[in-house]
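> Encoded as C-alpha cells, here's the structure I'll be asking about.
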Amino acid sequence: MVDDGTLQDRRGSLTIDERERPHRNRLIEDGRLRGYMQDTLNARLMGVAPTGNGRRESYAHLPMPRMTNTYMFPGDCDPAEILASVDRGLMRLILAAVRSISLRASLFFTSEAYLVEKGRSRRLSKGQL
C-alpha cells in the first residue's frame, strides 16, 4: 500500500504540505507495516522524517497527517491461491477510508466483504471496519 502525493492531476496530489513537498510513501509491503503518514510534529515526536502528509482542515486548525492518493498495487499471486490459503478471514472487495478529525485517525471501512472459511467464501459480511 502506498500513499503518493506526487501524482500529477490526482485529487489527493499536493504541491506542498504544511512545511515541505509531498512524497511517495510505502505504508505496507509484503503484508508488513513499513511506514506511516507523518506531518512535521508527529515525525519529530516519533524520531523520523516527515513524509509530506501534513495538512490543515483550515487555517483555524493545526496541521495533522492526512492521506493524499492511497492505493494498493496488484500482487504476483493468483487470487484463487490466496483464497485457498485462508483458514478463516475476511475478503474485502470495496475498501474506502474516512478521516476522523475528533479521533485524529483514519478509519477504513468496507461496503462489500465476505467471510472466508477453509479457503471458501461463505457469506456476505456487513459493516466491517
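> Taking H as built 1.01 Å from N, whose amide H comes closer than 5 Å to the amide H of Asn25, not counting residues under 5 places away?
Asp3, Asp4, Gly5
> Can you tell me the relative contact order of region 4-68? Whole percent, Cα pairs under 8 Å, sequence separation 6 or more.
31 percent
> Let me ask something additional. Hey, got the dipole for region 25-97? About the Cα centre, +1 on K and R Cβ, -1 on D and E Cβ, debye to the nearest 20?
460 debye
Values in this text are rule-based calculations from the coordinates and carry no lab data. What you see is a predicted model; the values in this text were computed from it and never measured. All Cβ positions, even for glycine, are placed from backbone atoms using ideal geometry, and neighbour counts span all protein chains on display.
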